[in-house]
Each structure stands twice: as structure tokens, then as C-alpha cells.
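Worksheet: one structure, shown below.
Bear in mind that the values in this text are calculations on the coordinates, not laboratory data. Keep in mind that what you see is a predicted model, and the values were worked out from it rather than measured. Using ideal geometry, Cβ is built from the backbone for each residue, glycine included, and neighbour counts are taken over all protein chains shown.
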Amino acid sequence: MGKNLWGQSMNAKHPDILNKPIPLAVNIDPVTGHRVEFFQLEDFAKSCIDERNFKVKPESYIYSKLPNYNCENCEAYPLVNPKQLSEVIGYAIRGIAREYDTTQTPFAEINSADVSFSIGKKGLFASGLNKPHLSYVVGTNDMGVFIQLAKAGKAVLLHQSLDEAYKILNSGMPETVFRLIAGNSAPVNNADLFVQVDDSFRAFTSSQIEQFFLEKQKQILESGAFNQDAGNQQFNWQQPKPIKSELLPVMQFTKEMLPREFSDYVIDEAYGADNMSSDMVAACLLTSLASMIGARVGVKPKKYSNWTIVPNMWGGIVAPPSSKKSPAFNAGTLPIDRLVAEAREKHKEAIKKFKILSMAKDADMSSLKSKLKDVSKKGDESKKQEVIDEMIRLDEEADTAPVLRRYKTNDSSPEALSELEKYNPYGVLVLRDELTGWLASVDKDPSERAFYLEGYNGDKPYEFDRILRGNGFIENHCLSILGGIQPDKLITYLEPSIKGLGNDGLFQRFQMLVYPDPTQWKYVDQTPNKEARNEVYLFFKQIDDLDSTALEHMGAYPADKHNARPYFRFGEKAQVLFEQWTTRLHIEKVENEEHSIIAQHLQKYPKLMASLALIFHLIDGIKFGSVGDISEQSVQMAIEWCDYLESHARRIYGLVLDAASVKAGTVCQRLLRLKDDDDWRTKGFKARDVHRKNWKGLTDIESVENALELLADHGWLHIEEVSTTDKGGRPSKCYWINPKIYEIAKNHTDKTDRT
């Protein structure tokens, strides 16, 4: 029986043990015997290293040769990869480890030992080199100086040769970083960059160290030893890397994406609202139409499978304030508003008729009651039974009060929605001008969230039981949702989901969601296209009148004991298209998608595509009568919509996935507009200067700093730490603009002008 590197026995009878990975470190609690093995350096550091104070955390028994010795408060310094200085590959541990008698309370020290060992790979002593931005970095050959600088939070590298230290820093640090070398004896080379330290340095505080090196840096720069001019020219500027565009590109709505009657309406309504985006009207209109169809008919996308989709939809608009979201909602729901007005008039007439009939029946019942008294007094049993039978018949024929046909609601609780759905079995459209409030509400109440999640499918009944209202039954729990949300509020909502802090796919159900490019405002004062409005309204009206008979006449398969509603299937060519499309979707897109939240969004596209194909097919059915199975043309139009909506989804999720890039892009555009003599270009600027501008998406200082740091990473800016006038004050960051960005912008402009 042999032993492994940690002195643990290996059983020859169990060779699989040999194949187990060897941990970097093992921590065994002497009291409980609890054993923790660390295979990743990050896990080890998180558990055992106080990186801020360069100490080993309490209860760390990590020295393999003395496993019963606690290394608490031993010094722990990072080791870096010499070829990649920002990569920490190990930790050097040194100090006094102690053994305790754990049977006593408190523990009594038995033995101690000087220890010096490492965890992980061997590398160079270094600290702070993995920080995203550095104004300067120090190389030294003095361990005491290294420790002092490391604990002061400075970026520092230790090497026995100062000249070698400088070479390593030169090859491994960005050009925008200023390098110094410090110690007691000057190097052979680079003496101009040497900073002399003596014993008094060891008594410096962190702020004094900061001040000391900033002054030395300034002195070196001013002396000309670094061979650079003062101001913005002091840096060896490199070619800046491009920053992603402010927003990911999206496909534009075209009139070919809708049947003529609908596209004419969409374009006219959008233009009439001072040239607002047609995309917004189109998305709202299709969501409204989907809510009208709801659970009255389904589609079976697969040739043999019984999988059935109901074409309700969740959709809306992502746009900044004052982007005409409300006019778009109004245009998208205008046909429903006409139906609502007609339903209210019908309901008024029905109520009047009901009241009159109720009065007549009440009079008849009163007369029968009097007659019953008379015959009872006379003792005529046959007559008495005749009156009773008549009273029973009259009671059975009593009508219930007419129920108003409801198409939509603006603000309803799940309880209220349940009541609406009971009397409107094909479904209801939930309208929310601002989705922010709705999202906040469903996040707070798990039962409300579950209610909406189940309503998305739209194809199943729903039973509910409540303490105060008793129980109930909804024949078809089918909800469509239409709303709007501002980009900044959407970012706040999506960030937790993208970071993995809870995601049940609620937001991914908003498939008909668009975030179009802003349009150029234009003053428009014209009469709306009444013919287009009326044509679209008639489609909505005829959809509302569709019953099983009418659907079967169009080509739908009838409802039966296995199918709760009539349904359509794809025609032969349409079926082939669907199979090819869904195969590409899952194999080429979903499986290769970098971001899980987008993959989850795309996984719901089969419902979206089949729903759209059914909607376009029903429009053809209303126009032409009997149309049979869903056509190839309807499927092609649905696929085009899926491609279009995918581009908008990627822009929407990109708000968070590329949040820093988006905000950095905003800063880029502003910087490029600065004049040659602007103080920001000649004297630099601070993060608070940007914050005060209150630019889009940059209204908090953290967002500003993150954007500026990204720009520095891409070479647009250089970050310089500047000492404050206050004694011991914390240094601030000054940002210098790379002059090469203006050269690139000018060359691009000249090239554009020539073309």
C-alpha cells in the first residue's frame, strides 16, 4: 500500500482511486473531522485566504506536511503567471503554524513551527496586477518593500533582479501603464525610473505610500527621463479597439410582412402619428388579433402528434419615454375598441329586455301565487297541482341576467380575471401601458405568477379555490398580454435573470416584443384611412363571430372527445417548411447559443411560429372561405416574423448582456463630438464630469465608472490616479482621451464623403 502526495493511503485493490484528481489543498477540521478538498484555486482562495489583508483565514489546516497545524494569520501572497501577469496561479504561504489541544476549551497551543510553502503553481510574487486598470505599477527586489506595497493596495511585482522585474513588466503590462522600479540599490539599467526607498518608507501609511509614488511618477515625467511630453501626450497611445454599437441592429417591419389590408392600416396609423415606428403598431395589432382568436381554435404543428397550440400571444413595445407607445397601443387595439363599444350597446339593450321580461315573469308568478291560495282554500287538489306545475315551469324558464362580452382589461387581479374568463371562454387581453408594475406584482406573489404562466399556454381549464370567494372553474384559461416598458427599467428587471438569480421563463413568453429604431419625427396632420380602418375592423368582427361550424367550413378538423376545440394542420408543403425551420432553430441556433436566456427565448418559437401561421391562415379563410390546411404562404410569412422578432429579442437581451458596451457607446459618441480645444481633450476629465451630464443610461456614478473602465480597456482612454490636496486623502481618477480616436473618425468621415 502506497501513499499519495498528501500522505494518504492508496489501496491497490481499488485502482479507480488512482484516477481521482489530486486536490490543490485539503483542509481537515481537527475537532469535527470535516474534510474539504480544493480542486480550483478560486475555491481555495475564497475559503482560506483573506486577500484584502494577505492573511490565511482562521480554521485553515492547509499545510500538507503538518495537517494538524493551523495556519491562521500566516502571510499569503499571490503568485502570478510570468507570461500573463494578471493571472493568479498560486499563493505563497509563510509564517508560524500552530498545533492545538482541541480537547480543551479554549484550545491550548501545544507546538508551533515556521512554515513556508505554496498552494497551486509556482510563479512570481505579485499583487494587484489583476486589477482592471492601473495608473502605475512598481517592480522591486526587496521582499519588505513588496509586502509594504501589497498591503497598501499597490500593483507590485517581486523579482531578485530589478532589471528583470522591469523587463517582465514591460512585456506584460499595457502601454498605458507607467512602470517604476523601487528598492535600496539602483538597477544596472533603467536608473532614471528607479525610486529610492529607505528605512523610513517602512513606516509609511497606505495614503502616504500613494502620495509618495504619485510624486515620484510626476517627477520622472517632468524630468523628461520617460521621453514623453506633458499632458495628454505623456502616454504611448495605441490604436483604440472598436466598441460595439450602442444597440444591436434589428430587422425593420415591411408591408410584405402582413396581408395587404393589415399593412395598409399599420403604415397609415403609424405615419399619421407624426411618423412613429410602424413596428410598434404591427406588434400591437397582431397581439390584439391573437387575443381575439384565443382558445376558439388550435393548430397541430406536427403531422401525427397530438401536440396542439392555441394562438394567444404576449407582446409589447420596448422604447424610451415619449416614443409614442400609447398611440401605438391605441392603433393596435382600435378594432377591439369598436367591438367593445358595440358589445356595451348590445348589453344595454339586453338588460332592458331582461328587466321587462323579469317584470312580466314576476307578475305572472305573483298571479300564480294568488291562484294557488284560492285553489288551496277550495281544496281542489287537481287544480292545485296544475298551478304548482306552472310555477315550477315559470321558475325554470327564468333567465339569468345578460353578461357583458369582455375583450380586454387594463388592471385586474387574478381573482377578477378568473371571473372575466368564466364568461369569456376564448380568452381576455390584459393591457398594461407600463409592464414594470405588472412585472413587480407577479414577482411579489408566486400564486399570481403561476396564474399568468398557466394562462400563457391557453389550452387548458383552470380550477381555483379561495378562502373568501370559494372555488371556481375556467373552461379555457387563455390570456394575452400587451404592454410597454422603458429600456432602463427593463435592464433592472432582466439583470437578475441573466445572472442566474431566478428565471422561470416568464419574460421569455413575451414573443411579440419589439424594440425598433427611433424614427425621424415629422409633423403630420391628415385624415385617417377610414377604408383601411374599416377593413381591419371587419376582420376582427368576423373573427369574433367564428364558431365551430364556420371554422370547419374553412377547413378545420372538428372538436371531438380527444380535442377540446377545432384545429388546423399544416398542408404538405407547409409541413416540410415547418420541419426544416424547427430543425435549424434547435440545431443551429439553440444548441450553439452563447447565452442561456436567449436560448430559452428561442425554444418558445415553435409556438410563436405556429400561432402566426394559423393567424395568417384564418385571415385567408375570412377572405376566401374554404382554405383547407394551413398554406405554405402562411408558414413563410410566419417564418419571416420569427426572424424579425429574433433580431429584436437579441437587441432587448443585449441591453443587459452588453450593458457596459451600450453605455460605453454613449460616451464614445459624446467624446467624438468634442472640439479640439475642449478641456476634456487637453486637461482630462473625471467620472463626476460625465455623471453631471446625465447622458442616457449614465445617470448613476457606478454606470459611468464601468463605461469609462471599458473604454480604457479598449484604448479609448487612459486612467491616471491623481493625488488630492487633502493630507492623506484618497487619490481620484483622471481620464485622458486617446487622440487617435479623432484621427480615425476624421478618416472615416473623409472616406464617407468620397463615396
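In this calculation the C-beta distance from L357 to D504 is compared with R0 = 51 Å, giving a FRET efficiency of 0.55. All other residues whose Cβ lies under 12 angstrom from that of K218 are scored, Lys and Arg at +1 and Asp and Glu at -1, for a net of -3. Count Lys and Arg as plus one, Asp and Glu as minus one, and take only other residues whose Cβ is under 15 Å from that of Q196; the net charge is then -3. Its relative contact order, with pairs defined as Cα atoms under 8 Å and 6+ residues apart, puts region 326-420 at 42 percent. How far is helix 487-498 tilted, in degrees, relative to the longest principal axis of the Cα atoms in the chain, given as a value from 0 to 90 rounded to the nearest 10? In the chain, helix 487-498 runs at an angle near 70 degrees to the longest axis.
Ignoring solvent entirely, what values of log10 I(q)/I(0) come out of the Debye formula for region 307-354 at 0.14, 0.26, 0.28 Å⁻¹ when each Cα is a single scatterer? One equal scatterer on each Cα of region 307-354 leads to -0.62, -0.95, -1.01. Do the alpha carbons of any pairs in K346/K541; K324/K604; K408/K530; K324/K489; K444/K489 sit beyond 22 Å of each other, and which pairs? In this structure, K324/K604; K408/K530 lie more than 22 Å apart at Cα. Summing charges over neighbours of L645, with a neighbour being any other residue whose Cβ is under 14 Å away from its Cβ, gives +2 when K and R count +1 and D and E count -1.
Ranking P739, G120, A350 by Cα position along the charge dipole of the chain, where only Lys, Arg, Asp and Glu carry charges on their C-beta atoms, puts A350 farthest toward the positive end.
About its Cα centre, the dipole of region 139-227 is roughly 200 debye, where the only charges are +1 on Lys and Arg Cβ and -1 on Asp and Glu Cβ.
Applying a 10 Å radius around every beta-carbon, put 519-531, 261-273 in order of their mean neighbour count, most first.
Values: 519-531: 10.4, 261-273: 21.4.
For the peptides 519-531, 261-273, the packing ranking is 261-273, 519-531.
Which of L612, T666, A295 sits closest to the plus end of the dipole of the chain, meaning its Cα is farthest towards the positive end, when Lys and Arg get +1 and Asp and Glu get -1 on the C-beta? Going by the charge dipole, the pick is A295.
Taking the Cα centre of the chain as origin, sum charge times position over the Cβ atoms of Lys and Arg (+1) and Asp and Glu (-1), and report the length of that vector in debye to the nearest 20. Don't jump to the answer; show the numbers that get you there.
Numbers: 94 positive and 105 negative charges, 41 e Å.
Computed charge dipole of the chain: roughly 200 debye.
A crude spin-label estimate for the pair E743 and D443, with each label 7 Å from Cα along the Cβ direction, gives 4.7 nm. Modelled label positions at K589 and A186, each set 7 Å beyond Cα in the direction of Cβ, lie 6.8 nm from each other. For region 26-113, the alpha carbon convex hull comes to 100 Å³ per residue, rounded to a whole number. In region 273-430, the ratio of gyration radius to Kirkwood radius, Rg to Rh, stands at 1.25 when only Cα atoms are counted.
Using only Cα atoms, tell me the angle between helix 278-293 and the longest principal axis of the chain; keep it within 0 to 90° and round to the nearest 10. The answer is roughly 50 degrees. The average projected area of the chain, computed from the convex hull of its Cα atoms over all directions, is 55.9 nm². Computed over Cα pairs, the Kirkwood radius of region 139-214 leads via Stokes-Einstein (1.002 mPa s, 20 °C) to a diffusion coefficient of 171 µm² per second.
Between the helical axis of 740-754 and the longest alpha-carbon principal axis of the chain there is an angle of about 50 degrees.
Computed about its Cα centre, the charge dipole of region 39-141 is approximately 460 debye, with only Lys, Arg, Asp and Glu carrying charge at their Cβ.
Gain on full extension, evaluated as 0.36 nm per residue between R338 and K686 minus their Cα-Cα distance, stands at 119.6 nm. Restricted to Cα atoms, region 387-496 shows a radius of gyration and a Dmax of 18.7, 72 angstrom.
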